[in-house]
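Asks: Take a look at this one; I'll ask things after.
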Amino acid sequence: MTSKEISSERLGQIKAFLAAHGFDKAKLAPLAGDASFRRYIRVKKPGKLAMLMDAPPAREDSRPYLAVAEYLYARGYSVPAILGHDLASGLLLLEDFGDRLFTLELKKQPASAEQEFYAAAIDVLADWHTGKPPLADPKALFLPLYDQPLLMKEVRLFTDWYLPQIAGKEAAAKFGAEYLRLWECILATAPLATDCFVHRDYHADNLMWLSKREGVRRVGLLDFQDGVYGDAAYDIVS
């Protein structure tokens with residue numbers, strides 16, 4: 001890692017955190033970033049491997065990630081085990097699932113493998129939608145409801161960000177208002193349930209293939225911190 005990638009102050013915090021969790025003098029290998037202020041850094045030393053989540057607390061709140069991870073892990077799903085955390089500093093040490101991301105594996109595997117991968121991903125959804133609703137569980141964590149206001153907030157991502165880029169600001173303002181009205185009508189006449197855990201970003205870039213595990217645990221889950229309670233159809237459509 002270079003000074004261009006991370007400040008010396010932040011690097012000092014990271015090294016102190018890693019040393020406190022048995023990774024002193026470890027080699028740090030940053031991974032490609034995602035659409036957030038989080039960064040992921042593979043941490044290596046002889047005989048030990050982990051993943052560091054660097055989420056500056058001024059930019060990212062790591063509490064939802066930690067809560068959802070512990071919730072899913074306790075129920076037997078393959079989310080990265082939490083090896084250590086310092087929420088005040090925005091640092092979490094996680095189990096490293098490796099590099100077998102669905103997206104990458106499907107490019108290397110024969111076409112016939114696609115059915116196996118997606119069937120396994122659907123099995124995970126079917127499993128966590130079976131049984132009593134999460135909110136009926138006294139140990140369930142608090143999550144937002146995927147209700148009409150939250151759904152409309154996501155609908156506005158199209159009108160606020162994408163539409164102006166392809167149609168211009170003036171046309172976006174005109175057509176965007178109509179687009180929002182149509183969605184309000186749709187959601188009012190076809191209300192969605194809010195009784196299932198919804199990953200909310202369930203697609204090939206956030207799923208890992210863990211071939212040495214069995215059943216639903218073959219699918220490693222990533223980027224679940226924005227989970228909500230919503231309709232069972234949402235993730236499978238993703």
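The values are calculated or read from the model by the stated rules, or taken from the named source; none is laboratory data. Computed from a predicted structure; not experimentally measured. Every residue, glycine as well, gets a Cβ built from its backbone with ideal geometry; the counts of neighbours run over all protein chains shown. What goes into the accessible areas is simple: the full protein's heavy atoms, side chains included, and nothing from ligands, DNA or RNA. Shrake-Rupley method; radii C 1.70, N 1.55, O 1.52, S 1.80 Å.
Asks: Taking the conditions exactly as written (under 14 Å from the mean Cα position of the chain (by Cα), buried (at least 18 other Cβ atoms within 10 Å of the Cβ) and not in a loop (DSSP other than H, G, I, E, B)), does Ala69 satisfy them or not? So that I can check it myself, show each step before the final result.
Replies: Details: under 14 Å from the mean Cα position of the chain (by Cα): yes; buried (at least 18 other Cβ atoms within 10 Å of the Cβ): yes; not in a loop (DSSP other than H, G, I, E, B): yes.
In short, yes.
Asks: A further question on this structure: Run down Thr194, Thr189 and say which single residue is open to solvent by 70 Å² or more (accessible area, probe 1.4 Å), β-branched (Val, Ile, Thr) and farther than 18 Å from Lys108 by Cα.
Replies: Working: Thr194 fails: open to solvent by 70 Å² or more (accessible area, probe 1.4 Å).
Residue meeting the stated conditions: Thr189.
Asks: Okay, next question. Across segment 84-119, what is the total count of residues that are open to solvent by 20 Å² or more (accessible area, probe 1.4 Å), touching a residue at least 40 places away in the same chain (Cβ under 8 Å), under 14 Å from Tyr65 (Cβ atoms) and not in a loop (DSSP other than H, G, I, E, B)?
Replies: Selection size over segment 84-119: 1.
Asks: To continue, here is another question. Are there any pairs, at least 6 apart or on different chains, whose C-beta atoms fall under 6 Å, with the first in segment 213-234 and assigned to a helix (DSSP H, G or I) and the second open to solvent by 30 Å² or more (accessible area, probe 1.4 Å), and if so, which?
Replies: From segment 213-234, the pairs are Val216/Asp123; Val216/Asp127.
Asks: Can you tell me which residues in segment 9-46 are in contact (Cβ under 8 Å) with a residue 24 or more places away in the chain, open to solvent by less than 60 Å² (accessible area, probe 1.4 Å), assigned to a loop (DSSP other than H, G, I, E, B) and of a type outside the set (Gly, Ala, Ser)?
Replies: Phe23
Asks: Of the numbered conditions (1) under 15 Å from Arg217 (Cα atoms); (2) of a type outside the set (Lys, Arg); (3) open to solvent by less than 60 Å² (accessible area, probe 1.4 Å), Asp123 fails exactly one; give the number of that condition.
Replies: If we test Asp123 against (1) under 15 Å from Arg217 (Cα atoms); (2) of a type outside the set (Lys, Arg); (3) open to solvent by less than 60 Å² (accessible area, probe 1.4 Å), just (3) comes out false.
Asks: Within segment 49-81, track down each residue that is over 16 Å from Gly227 (Cβ atoms) and of a type in the set (Lys, Arg).
Replies: Answer for segment 49-81, where residues must be over 16 Å from Gly227 (Cβ atoms) and of a type in the set (Lys, Arg): just Arg59.
Asks: Mind checking which pairs have a first residue in segment 47-64 that is closer than 12 Å to Leu92 by Cβ and a second that is part of a loop (DSSP other than H, G, I, E, B) and of a type in the set (Lys, Arg), Cβ under 8 Å, 6 or more apart or different chains?
Replies: Cβ pairs passing all conditions: Met53/Arg38; Asp54/Arg38; Ala55/Arg38; Glu60/Arg38.
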